[in-house]
Amino acid sequence: MDISVIIPLYNEEESLAELYAWIKRVMIANNFTYEVIFVNDGSTDRSWDVIQQLGAKEGNIKGIKFRRNYGKSPALYCGFREAQGDVVITMDADLQDSPDEIPALYSMIKDEGYDLVSGYKQKRYDPLSKTIPTKLFNATARKISGIKNLHDFNCGLKAYRKDVVKNIEVYGEMHRYIPYLAKNAGFTKIGEKVVHHQARKYGKSKFGLNRFINGYLDLITLWFLSTFGLKPMHVFGFLGTIMFIIGFIAAIIIGVDKMWALCHGIHQRLVTESPYFYIALTMMIIGTQFFLTGFIGDLISRSSANRNDYQIEEMLRCAK
């Protein structure tokens, strides 16, 4: 099979039939073999009824229905698990992503050898309250992830080699950082394509401003896990050691200063009355806590069932 199209959705009953008909026209025009996987993320409208009606008439439609609303990342995870196409395309169900982009995205994966191609909605039909935070968010994501050529991490329209979606785990709200997840899994040929962005035709956006706050928190989590997740002692142990040494040296200096004053008969207040003593003591305590945190984190990491889950692309065995 050439293409799997995965469409996560929540309360999009008006657009589903029109979207599928558009995808079908594109696929037939380009002689693609394909499947369309609708993932109904706990919709409360007639979205699932529409999917069932389409499935009864078409033989290349799959449907997944969640009992409640889990979010876009779980929807993509389940869609990736079911996908069988050599190239996997993801798009939103609100008709703001154009299926006419599919042939070019497919070509970039199959002919140009990209592992992942992300859409870039250069001209957007969104209010400033959405576009300005999006620009700031993407600038931060480029800086932290090191993927300098992507301008729109959160674009729903993306294309993947099948190996990519089968070797990454999308969870929580990490769908925004799939390119970063792919890079961490060893898929480094990541490209971008300018795509057409259409104004929403039906309904209203399901996303609020809180997604930008959550997005930054998820980015920090992903950066930390990818950098220090398997070696927590390297960060916590290092910080703890530095803080303990500084606090210990400061405490010695305070003690030596007090001893020198006593030896020379100079009146000086008690060590415990000096604020520097408590600052030094606090640094030693916090340093010890950091060190123990790193040690415990290392023990947990070593006990993980996935500690040796490495991405092996190919293996050559000796001929008998």
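Worth pointing out:
- Förster-model FRET efficiency, 35 Å R0, Ala104 and Lys231, C-beta, rounded to 0.05: 0.30
- Solvent-accessible area per residue, Å², over region 82-170 with all protein chains present [probe radius 1.4 Å]: 40 Å²
- For the pair Glu112 and Tyr70, the difference between a 0.36 nm per residue extended length and the Cα-Cα distance amounts to 11.6 nm.
- Amide H contacts of Lys65 (H built 1.01 Å from N, in plane; Pro and chain starts excluded): Asn40 sit under 5 Å, all sequence-distant by 5 or more or on other chains.
- Nearest-0.05 FRET efficiency for Gln268 and Lys166, computed from C-beta distance (R0 45 Å): 0.05
- Ranking Lys148, Lys110, Lys72 by solvent-accessible area of protein heavy atoms (1.4 Å probe, all protein chains present), from largest to smallest, gives Lys148, Lys110, Lys72.
- A Cβ-based charge dipole, computed about the Cα centre of region 1-81 with Lys and Arg at +1 and Asp and Glu at -1, lands at about 280 debye.
- Scoring 251-261, 95-105 by mean Cβ neighbours within 10 Å over their residues and listing the highest first yields 95-105, 251-261.
- Length gained when the stretch His196-Ala56 is fully extended (0.36 nm per residue, less Cα-Cα span): 47.3 nm
- Each other residue within a Cβ distance under 13 Å of Leu181 adds +1 if Lys or Arg and -1 if Asp or Glu, for a net charge of 0.
- Placed amide H near Tyr120: partners under 5 Å, 5+ positions off or other chain: Lys193, Val194, Val195
The values are calculated or read from the model by the stated rules, or taken from the named source; none is laboratory data. What you are looking at is a predicted structure, and each value in this text was computed from that prediction instead of being measured. Note that we place each Cβ from the backbone using ideal geometry, even for glycine, and neighbour counts take in every protein chain shown. Just so you know, the surface numbers come from the protein's heavy atoms only, side chains and all, with ligands and any DNA or RNA stripped out. Shrake-Rupley method; radii C 1.70, N 1.55, O 1.52, S 1.80 Å.
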